1. Work from the charge dipole of the chain (Cβ charges, +1 for Lys and Arg, -1 for Asp and Glu, about the Cα centre) and give the residue of HIS119, LEU61, GLN173 farthest towards its positive end.
2. To make sure I understand, if each residue's beta carbon is the centre and we count other beta carbons within 10 Å, what order do ASP78, ASP22 fall in, fewest to most?
3. Taking loop as defined by DSSP and a crowding limit of 15 other beta carbons within 10 Å, which GluC sites (Glu not before Pro) in the stretch 66-169 fit?
4. Return the long-range amide H neighbours of CYS11 (sequence gap of 5 or more, or a different chain), with a cut-off of under 5 Å between placed amide H atoms.
5. Just add up the charged neighbours of VAL124: K/R +1, D/E -1, any other residue whose Cβ is under 12 Å from the Cβ of VAL124.
6. Just VAL18, VAL43, VAL76 to compare: in a GNM of the chain, with alpha carbon springs under 10 Å, which one fluctuates most?
7. Using 0.36 nm per residue, how much length does the chain from GLU162 to PHE68 gain when fully extended, once their Cα-Cα distance is taken away?
8. Among ILE146, ASN31, HIS44, whose Cα projects farthest towards the positive end of the dipole of the chain, with charges put on the beta-carbon of Lys, Arg (+1) and Asp, Glu (-1)?
Amino acid sequence: MKIMHTHLEGCLLIEPKVIYDDRGYFMESFNERQFHNETGIDVHFVQDNRSYSTKGVLRGLHYQTGEFAQAKLVSVLDGEILDVAVDIRPESKTYGQYSSVILSGDNKRQFFIPRGFAHGFVVVSDTATVFYKCDNYYNKEHETGILFSDQMLNINWQIPVEQLIISEKDKNQPEFSKALKIW
């Protein structure tokens, strides 16, 4: 596996080793021991999630607070997304900054997002199936988010706002400056 560091400390773009032959391909999508050896990060995933969405669907920016914070390993099984992580760690030198990466079924890349980040993605292909591992269980009482269109963050979602498909919950998330009080 090839590890690429983003400018956000702890956020990693991972390119797994893919073995192709006349039957198709094989890849090990996650190996806890190898991940630790390559990154120095101890993570134990306990929950897997999968979503299917059409072009323009934006999900996020979401995170869980306190002891229910989650690290995520995001990948795309089919289609393509722009995946976004926002640093919400007040002590971080990249606090309030974001990193975005293209994940697709074709490039098979994965995005590791540690605890202390808000996460969201937008589907840029006709459809996409997103799969992600979490190191903590979902807890509704500790779920919150940040408004996707926050002017301070100024995220380039690569799709015009009027073409985005967004849930009412995500349209009504607090701005970054107000969400910080929750963290």
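1. Positive-most Cα among the choices belongs to GLN173.
2. Values: ASP78 14, ASP22 4.
In increasing order of surrounding Cβ atoms, one gets ASP22, ASP78.
3. GLU91
4. THR6
5. On the way: positive: LYS55; negative: GLU80, ASP83, ASP126.
Computed value for this residue: -2.
6. Of the options given, VAL18 has the highest mean-square fluctuation.
7. Working: separation 94, 0.36 × 94 = 33.84 nm, distance 3.35 nm.
Taking GLU162 through PHE68 to full extension adds about 30.5 nm, to one decimal.
8. Positive-end residue among those listed: ILE146.
None of the figures in this text is laboratory data; all of them are computed from the coordinates on show. What you see is a predicted model, and the numbers here were worked out from it, not measured in a lab. Methodologically, a virtual Cβ is constructed for each residue, glycine included, from the backbone with ideal geometry; neighbour enumeration extends over all protein chains shown.
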